[in-house]
Structure formats: structure tokens, C-alpha cells
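Report on the structure given below.
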Amino acid sequence: MSPATFERPRILSGMRPTGKLHLGNLVGALQNWVKLQEEYDSFHFVADWHMLTTDYADTSELKENTWQMVADWLAAGLDPTKATFFIQSRLPEHAELHLLFSMVTPLSWLERVPTYKEQLENIKDREINTYGFLGYPLLQAADILMYKAQYVPVGEDQVPHVELTREVARRFNLAFGEVLLKGEEAHAADDPYWDGLATSTGLGALAIGVLTAKDKIRAIKEAFHRAPLDLRAGYLNRGLGRVREIFREPEALLTSSPRLPGTDGRKMSKSYGNAIFLIDAPAVLSKKLAGYMTDPARKRRTDPGDPDVCPVFGLHKIFSAQETIERVNRECRTAEIGCVDCKKLAAGHLNAFLAPIQERRKPYEQNPQRVWDVLEEGTAKARVVAQATMAEVRKAVNLAP
Ligand code: TRP
Ligand code: SF4
């Protein structure tokens, strides 16, 4: 491998352990991860603590769901020799960083995250008015910043979380990054320069008894680090210098995922009970397709249909061969093809698509320990990075060594 391998930009993304994955998870996130592992230093993890922020009441399936999900990652082609995958809760460093972030993050930042209010209103069957649920995006910030990931491959809904992560990084750097003054080297011995910088940036006159340029530099730095964070930001904005970065600001790498319709025509989702799973056997698949919603206006075999409003056609467009797509698009409108045959065609293409995925999953099903082994190895790799970050963080915060 070329040395450039070591310089691949890093990405990180997590997935809640919801168990076996469906086609929507595959086209929404997983296929993208599989593609990205060729180009990026990829970290992917099981966000089991995130799961607990909403689903703490019944954890009986957490472990099994973790296994099923990661087996599907492997089945879909995520490759543990290329990407690192790990379990969040096996790395207490994430909790530690989350805690330190909680010290500097204003409550209002968390309260205004769009998913927060939305979910408080929408989730009625569980009590989620908790400390942990409010802190959810901050835990996510810890996940991301721990690995100093440059990009975070996520869907649209997660963009506000990446945005918050950027703000937290800035805030933490401002709180604990050492200030580097503008012209510190060039003006090391130039005392009028330092008086000028202090007054022009709003720090005010330097204390009496501060005589040499060296003392003045020290006095400015001390004044900076004693000031509240919003004042510090003001000094920097007015040209005092910058702070040494502990964390870099990551960017969202938007996954454009086609909307995948489930059996009832709504977006495919496990909780709607309308999903096709990656491990669905051909017979299961045929049955689900037979029950799929079609163009509701096409009541009789002889009625022409409109594929543009038909969920089955939504599947064709993603999983079928081009000629099938064209044929259905044509023959549905003229009632040449009936829904029963059309669904059989879709089932055929889907089966062919899923067969290699299910084949790749078999060795893990035969030896379930292999999934845990992959996770343990990945967790060990992630731990090296997490420990290095935390050593740096503890030092910056001036915690005892
Ligand atoms: N919040 C994400 C979700 O619910 C999961 C997640 C947790 C995540 N930590 C992350 C995604 C870090 C990307 C990066 O889907
Ligand atoms: Fe949908 Fe196919 Fe029936 Fe047309 S023929 S309405 S695309 S299932």
C-alpha cells in the first residue's frame, strides 16, 4: 500500500443498534459506508448509549440487536480490514469527553436542537424528558471529536448535530486551548506593540509593574485566560490572536438517499412494520411483495396504472435492471402488465440483489462469535485513538496527570 494510505481523511459515523437492517438502512447509509471505506480512514460504531437515551426501559434485546446489526454491516460489505468498527459503550473515554463537554455547553444550545423539541412532542409512549436525552447531541459531539474526524457521513436529519459539534469544538478550544498572540515572535521585544495590542483589543491597560515585553506578553495571556468565554471570543475577534486548536471542526458528508417506500407506501421503517430486511428469504420476500401497496387508482387488471405513485415501482427504480424499469414504466401505463407480474419481477431482482449479501452473512451466522471478535479488534484500535485524545484533553483542562 502506498504511504498515502496513512493520510486518508478520517470519517466517523454511528448507528443505533436497532437489530437486523432493512433495505432503507442499506440504501440510506450502509451502501455509502461501504463505498467510503475505499477512500477514507473509516470509523463506524454501534451507538448503544444513544439507543439508551430513548430506549432505556427495555434493554432485553440490546445485545442481540447489536449482533444482528453488525452482522448486516459485514454482509453488506463493510470490511473490517479496511474500516474500524467498534462499540461505543466499550470505550468509557466517550463518556468522559461527554462529561467535560457538558461543563462548557450552555443548556440553550441543546434545547434548540430541532430533533429535541420534535421528539419530546412526538414520543409519547416513553418518558424522554431526561438528562440523558437532552445531552444526546453532546454525546454525539464527543463521538465525533474523539477521533478528530474530518467528515461525518450522515443523513439530512443529523446535520444539526454536526453543526452543534462544530460549535462545541470551538467552545472547548476557546475554554482550554492556549492563546497564541498575534505577532508573538516578531514583536517579542517590542513593548509599545504589546500596550497597543492590549488596548486595541479591549483588554485595557496592562497592570502597573509590568515592565518588559516578556512580562507584558505574560500579562496579556493571563488576562485572556481569566476572562469569561464570551469576552475571550471578543478579544480574538478584535485581533488578539488565536487559540491552539484541540479539536478541529468536522463537516457533514451528506448522504443523498432515495426515499424507499415500505409495503404500505410510507417510508420504510422498522417501527412501521413495513420493511423488507436484508435477511428476508425469497419466500418471505415474495409474500411481502404480494402485499405491497400499488397505485390505488388501479383497481382492476384492465385499468392503466401510474408507476410514479406506486411503491412497487419505487423498488424497481432502485433494485431492478434498466430494461425492467423501462418495461414496467411503459406497460403499467397501458395495462399491458398486471400488478401480480410486476411484483414478481421486482421480487426476482430483489432476490438477486440480496443473495450475495445473505451469502456473506452465513459464516457469521454459523459462528456468531466472529462478529464479537471483529468488534473487539475494532474497539482495541479505536481505544488507541481515544486514549491519545483524552490524554491531550486532560492536559489541556489541567486535570491531574
Ligand atoms: N445520532 C445518530 C443517529 O441516531 C447516531 C450517532 C451517534 C452518530 N453518534 C454519532 C452518527 C456520531 C454520526 C456520528 O442516527
Ligand atoms: Fe405498481 Fe407495477 Fe402495478 Fe404499475 S403494474 S401499479 S408499477 S405494481
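Label-point separation (nm) for Arg218 and Ala321, each offset 7 Å from Cα along Cα-to-Cβ?
About 8.0 nm, to one decimal.
Starting from the amide H of Ala335, placed 1.01 Å from N in the peptide plane, find each other amide H under 5 Å away whose residue is 5 or more places distant or on another chain.
Correct list: Gly305.
If the cut-off is a Cα-Cα distance under 20 Å, which aspartates and glutamates reach Lys35, setting aside same-chain residues fewer than 8 apart in sequence?
Glu7, Asp72, Asp79, Glu156, Glu251, Glu359
Based on Cβ point charges of +1 for Lys and Arg and -1 for Asp and Glu, what charge dipole magnitude is obtained for the chain about its Cα centre, in debye rounded to the nearest 20?
In total the dipole reaches around 440 debye.
For Gly241, enumerate residues with amide H under 5 Å from its amide H, sequence gap 5+ or separate chain, H modeled in the peptide plane.
Lys182
Where does the stretch 263-401 land on Rg/Rh, using Cα atoms and the Kirkwood Rh?
Rg/Rh: 1.27.
Straight-line reach from Lys124: which lysines fall under 27 Å, measuring Cα to Cα and dropping same-chain residues less than 8 apart?
Within the straight-line cut-off, Lys124 pairs with Lys20, Lys63, Lys267, Lys270.
Lys/Arg Cβ at +1, Asp/Glu Cβ at -1, dipole of the chain taken about the Cα centre: which of Met293, Pro304, Ala169 is farthest positive-ward?
Pro304
Relative contact order of the stretch 250-401, please, whole-number percent, based on alpha carbon pairs below 8 angstrom and at least 6 residues apart.
Dividing the mean separation by the residue count of the stretch 250-401 yields 18 percent.
Rounding to the nearest 10 and keeping the result within 0 to 90°, find how far the Cα-based axis of helix 322-331 lies from the longest principal axis of the chain.
That helix lies at roughly 60 degrees to the long axis.
For the pair Thr199 and Arg370, how long in nm is the line joining their label points, each one 7 Å along Cα→Cβ?
Result: 7.5 nm between the two label points.
List every residue whose amide H lies under 5 Å from the amide H of Lys267, counting only residues 5 or more places away in sequence or on a different chain, with H placed 1.01 Å from N in the peptide plane.
When sequence neighbours closer than 5 places are left aside, the close amide H contacts are Gly262.
Output ³J(HN,Hα) for the stretch 235-246: one whole-Hz value per residue in order, computed from phi by the Karplus curve 6.51 cos²θ - 1.76 cosθ + 1.60 with θ = phi - 60°, and x for Gly and Pro.
3J(HN,Hα) across the stretch 235-246, in whole Hz: 4, 5, 4, 8, x, 5, x, 8, 9, 5, 7, 8.
I'd like the accessible area for Met103: 1.4 Å probe, protein heavy atoms, all chains in place, Å² to the nearest 10.
So the heavy atoms of Met103 present about 130 Å² to solvent.
What list of ³J(HN,Hα) values in whole Hz, one per residue of the stretch 142-158 in order, does the Karplus curve 6.51 cos²θ - 1.76 cosθ + 1.60 (θ = phi - 60°) give from phi, with Gly and Pro shown as x?
Karplus values, whole Hz, x for Gly and Pro: 5, 4, 6, 6, 3, 9, 6, 5, 7, 10, 10, x, 9, x, 3, 4, 9.
First compute the accessible area of the stretch 247-395 with a 1.4 Å probe, then give the percent of it belonging to carbon and sulfur atoms.
53
Quick check on the stretch 260-304: take the gyration tensor over C-alpha atoms, sort the square-rooted eigenvalues as a ≥ b ≥ c, and tell me if it's rounded (a/c under 1.5), prolate or oblate.
oblate
For the stretch 370-376, what does the Karplus curve 6.51 cos²θ - 1.76 cosθ + 1.60, with θ = phi - 60°, yield as ³J(HN,Hα) per residue in whole Hz, taken in order and with x for Gly and Pro?
My calculation for the stretch 370-376 gives 4, 5, 5, 5, 4, 5, 5 Hz in order.
Arg383 to Lys299: FRET efficiency via 1/(1 + (r/R0)^6), r the Cβ-Cβ distance, R0 45 Å, to the nearest 0.05?
0.15
Taking only protein heavy atoms and a 1.4 Å probe, what accessible area per residue, in Å², does the chain have with all protein chains in place?
So the chain comes to 51 Å² accessible per residue, rounded to a whole number.
Would you please report the Å³ per residue occupied by the convex hull of the alpha carbon atoms in the stretch 172-316?
Residue-normalised Cα hull volume stands at 205 Å³.
Sum -39500 (n - 2.57) across every DSSP H segment of at least 4 residues in the chain, then divide by the residue count to get the 222 nm mean residue ellipticity, nearest 500.
-16000 deg cm²/dmol
Given an 8 Å cut-off on Cα distances and at least 6 residues of separation, report the relative contact order of the chain as a percent.
It comes to 21 percent, rounded to a whole number.
The values are calculated or read from the model by the stated rules, or taken from the named source; none is laboratory data. Everything numeric in this text was worked out from a predicted model, so none of it was measured. Using ideal geometry, Cβ is built from the backbone for each residue, glycine included, and neighbour counts are taken over all protein chains shown. Accessible surface areas use protein heavy atoms only, side chains included; no ligands, DNA or RNA. Shrake-Rupley method; radii C 1.70, N 1.55, O 1.52, S 1.80 Å.
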